[in-house]
Structures are given as structure tokens and as C-alpha cells.
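Next up is a structure, given as C-alpha cells.
The values are calculated or read from the model by the stated rules, or taken from the named source; none is laboratory data. The shown structure was predicted, so the numbers you read here are calculated from the model rather than taken from an experiment. No Cβ is skipped: glycine too gets one built from the backbone with ideal geometry, and neighbour counts run over all protein chains shown. Areas reflect the complete protein model, heavy atoms only, side chains present, ligands, DNA and RNA absent. Shrake-Rupley method; radii C 1.70, N 1.55, O 1.52, S 1.80 Å.
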Amino acid sequence: MASDEHSRDGSHDVRPDPGSPLLEAILENARNRRYLGQRLARVDERVDTDMLGDIVRHGPVLEALLDSPHDRREIESRLDVSKATSHRFTQWLDQRGFVEKVDGRFQLTGLGQIIAEEVLRFEANVGTAQRLEPLLEAVCEDHQEFVVEPFVDATVTVAEPDEPYRPVERFISLVRSSETLRGFNTTHMAPLVLGGFHQQVFEATETEIIYLPHIADKLFEAYPEQARSAVESGHLTLRTRDDLPYGLALFDERVGIGGYDETTGLMRVFVDTDSPVAREWAERVYESVRADSELLSEA
């Protein structure tokens with residue numbers, strides 16, 4: 001995928017304008033994650049795997065204390081554990097400097113806060129990766145900087161044997177509830193045979209779509225008058241690019257990504273979210289692809 005963008009005056013910038021600090025931090029982590037092992041090896045401070053496992057096992061009590069200090073009775077109640085278990089938990093955390101006891105309550109130290117946050121982030125990313133598994137195979141080959149963090153609470157719609165069009169239906173429902181649509185490689189999201197959907201795009205939704213050249217040709221073959229009228233009026237903007245990865249769609253309130261079955265061409269998964277960070281990420285990806293596309297002015 002191209003990473004360069006055109007600036008407003010038509011010149012090339014090496015990279016997109018900086019995003020929010022949160023997005024930039026996430027992207028920087030994505031760029032560096034493949035080298036983390038090498039960096040850890042250089043400082044020769046790898047954490048023992050048993051220690052890592054113990055930290056994860058103490059995740060629930062770390063999460064509880066991240067909310068607020070607790071005494072043992074509150075820990076027992078919140079985690080539904082025995083007095084002996086809560087004592088073992090707090091003793092282990094205390095011995096490693098993760099907690100301290102203040103006025104009868106256990107509270108996280110500065111080290112403990114960082115550890116608790118990282119355990120939660122690890123759990124969230126692993127859980128999200130598992131939920132996004134049908135999409136990741138389609139996305140990661142084309143986008144090495146794809147990041148899961150913004151999609152923690154995304155809606156994941158997967159095609160099922162008895163409901164093969166569930167992802168398509170989800171996509172169409174979002175288009176119908178949005179006044180605008182921008183995206184690329186969306187043909188699989190809504191195949192050209194869906195005349196009702198394309199009528200919506202031609203007449204009701206302000207749309208900019210980047211297609212493969214032969215797909216743009218097929219659109220005008222399928223709906224010659226409607227497509228030409230929508231383009232001429234400025235209601236529909238079409239751009240073309242010789243190569244496109246997965247499908248990306250930006251609606252008024254949400255962004256969505258589609259992954260396809262290479263054999264059937266059908267969309268097998270559609271993931272959408274209203275996360276501001278996900279939207280910022282999607283805007284950057286879209287603008288990067290758009291900068292390397294050509295405006296289709298006439299059919």
C-alpha cells in the first residue's frame with residue numbers, strides 16, 4: 001500500500017500529517033513491534049516467562065485496584081475469592097512492589113499502575129485479535145501497520161453458511177443511515193447486482209469511491225444513465241487505482257473494513273466501529289490510497 005500523500009498544492013509529502021498523540025503512539029508501536037525482541041535482547045533484561053504468567057494470573061486483582069484502593073474484604077467480595085486467596089494475591093503483589101498498604105487498604109504503586117494497565121491492554125488486544133481473526137488474514141498482508149487497539153469494541157459481522165450475506169446487509173444498513181460515504185474496493189461490500197443499493201448511492205448519499213478500473217467500467221455498464229447523471233451532478237465522485245487491498249468505508253459516524261473470500265469474491269467479514277481513533281486511522285489510510293488514484297471525470 002502506498003504511504004505517500006499529495007499535499008493540497010499537488011506536491012508529494014513523504015508521510016501524512018501527524019495525527020493525534022494517541023494514534024501516533026499506536027502506529028509507532030506497530031512499526032516497532034517486530035523489533036521489540038531485538039531491543040530487549042540488547043539490554044539483556046527479558047522477563048521470566050513464569051513471571052509473566054503470574055502477572056497475567058493476578059490481572060483481576062490488579063484491575064480491581066486500578067479502579068480504587070481495596071481492603072482484603074472488598075477484594076474477596078469483588079473477585080469472589082476466599083480470605084486465603086485474597087491474602088495470597090496481595091502478598092504476591094506486595095513482594096514485587098506492585099502494591100502498598102495505606103490506611104488498611106491496598107493501593108497500586110506507580111509500578112503497579114503501569115503493570116495493571118499493560119495487563120488490561122494485553123487482554124484487550126488478544127481478545128480483539130481473536131474477534132477480528134476472519135478479517136486479519138485479509139488485511140495484514142496488505143497493511144503491515146494495521147492495529148487492533150481502536151477496534152476493541154467494534155461490531156464484527158461474519159458470513160455464516162445459512163446467512164452468507166450478513167456482512168453485506170450490515171454494510172448496506174450503515175450506508176442507508178449515513179448522508180456520506182467514502183471508501184475503496186467496496187464492490188464486494190455491495191455487488192453491482194444490488195440495484196436498490198446503488199440507487200441509494202446515486203441519489204441519496206454524497207459518495208466518493210475508489211474502484212479498480214474494470215469495476216468502474218462495469219458500474220457504468222450496469223447503470224449507464226444513473227451513474228453518469230450522478231457523476232455529472234457531482235453527487236458521485238469516482239476515482240480509480242490499479243491495485244486495491246481490502247475494502248474500507250467511511251460513513252458519517254462509523255468506519256468499516258471488509259474482508260473477502262478470494263474464491264467466491266463475497267465479503268466474509270465486515271468490522272465497523274465509531275471509535276475516534278479508528279476513524280483517524282481510517283482517514284489516513286483512505287487519503288493515502290486516494291493520493292495514488294486518478295479521478296474518473298468521464299465515462
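I'm checking my understanding of the structure. Among residues of segment 101-119 that are in contact with a Gly (Cβ under 9 Å, 6 or more places away or on another chain), assigned to a helix (DSSP H, G or I) and closer than 16 Å to Phe89 by Cα, which one is most open to solvent (accessible area, probe 1.4 Å)?
Filtering segment 101-119 for residues that are in contact with a Gly (Cβ under 9 Å, 6 or more places away or on another chain), assigned to a helix (DSSP H, G or I) and closer than 16 Å to Phe89 by Cα, the one most open to solvent (accessible area, probe 1.4 Å) comes out as Val119.
From Phe146, Phe171, which residue is in contact (Cβ under 8 Å) with a residue 40 or more places away in the chain, open to solvent by less than 20 Å² (accessible area, probe 1.4 Å), part of a helix (DSSP H, G or I) and within 17 Å of Val271 (Cα to Cα)?
When all the criteria are applied, what remains is Phe171.
Please specify each residue of segment 247-269 satisfying the condition of being at pLDDT below 90, exposed (fewer than 14 other Cβ atoms within 10 Å of the Cβ) and among the acidic types (Asp, Glu).
Selection gives Glu262 alone.
Quick one: is Ser297 over 29 Å from Val158 (Cα atoms) and not basic (Lys, Arg)?
Considered against the rule, which asks whether it is over 29 Å from Val158 (Cα atoms) and not basic (Lys, Arg), Ser297 comes out as yes.
Being under 13 Å from Pro60 (Cα atoms) and over 30 Å from the mean Cα position of the chain (by Cα) narrows it down to one residue among Phe98, Phe89; which is it? Show your work before the answer.
Details: Phe98 fails: under 13 Å from Pro60 (Cα atoms).
Every option except Phe89 fails the conditions.
Of all residues being out of contact with any strand residue (DSSP E or B) (no Cβ under 6 Å at 6 or more places or on another chain) and part of a loop (DSSP other than H, G, I, E, B) in segment 200-224, which is surrounded by the most Cβ atoms within 10 Å (Cβ to Cβ)? Just the residue, please.
Tyr223
Restricting to segment 289-299, and then to whatever is over 11 Å from Arg241 (Cβ atoms) and of a type outside the set (A, V, I, L, M, F, W, C), can you tell me which residue is modelled with the lowest pLDDT?
Top of the filtered list is Glu298.
Can you name every residue in segment 43-94 that is open to solvent by less than 70 Å² (accessible area, probe 1.4 Å), of a type in the set (A, V, I, L, M, F, W, C) and free of Cβ contacts under 8 Å to residues at least 12 places away in the same chain?
Matches in segment 43-94: Met51, Val81, Ala84.
So, one more: Pairs only if they're at least six apart or on different chains, beta carbon under 6 angstrom, first in segment 190-210 and among the aliphatic types (A, V, I, L, M), second assigned to a helix (DSSP H, G or I) and at pLDDT below 80; list them, first residue then second.
As it stands, the answer is Ala190/Phe197, since those pairs meet every condition given.
Another question, if that's okay. Right, Phe98: of a type outside the set (A, V, I, L, M), crowded, with 20+ Cβ neighbours inside 10 Å and within 12 Å of Pro69 (Cα to Cα) or not? First the steps, then the outcome.
Details: of a type outside the set (A, V, I, L, M): yes; crowded, with 20+ Cβ neighbours inside 10 Å: yes; within 12 Å of Pro69 (Cα to Cα): no.
Judged against the criteria, Phe98 is not a match.
So, one more: Give the number of residues within segment 230-246 that are in a loop (DSSP other than H, G, I, E, B) and open to solvent by less than 10 Å² (accessible area, probe 1.4 Å).
1
Could you tell me whether Val102 is among the aliphatic types (A, V, I, L, M) and within 24 Å of Ser275 (Cα to Cα)?
Judged against the criteria, Val102 is not a match.
Looking at (1) part of a helix (DSSP H, G or I); (2) open to solvent by 20 Å² or more (accessible area, probe 1.4 Å), can you tell me which one Ala227 breaks?
Evaluating Ala227 over (1) part of a helix (DSSP H, G or I); (2) open to solvent by 20 Å² or more (accessible area, probe 1.4 Å) leaves (2) as the failure.
Specify the residue that is farthest from Asp292 (Cα to Cα); the eligible residues are those in segment 181-199 that are open to solvent by less than 20 Å² (accessible area, probe 1.4 Å) and among the hydrophobic types (A, V, I, L, M, F, W, C).
Going through the qualifying residues, I end up with Phe197.
Only one of these is among the β-branched types (Val, Ile, Thr) and at pLDDT 90 or above: Val193, Val201, Val102, Val139. Name it.
Val102
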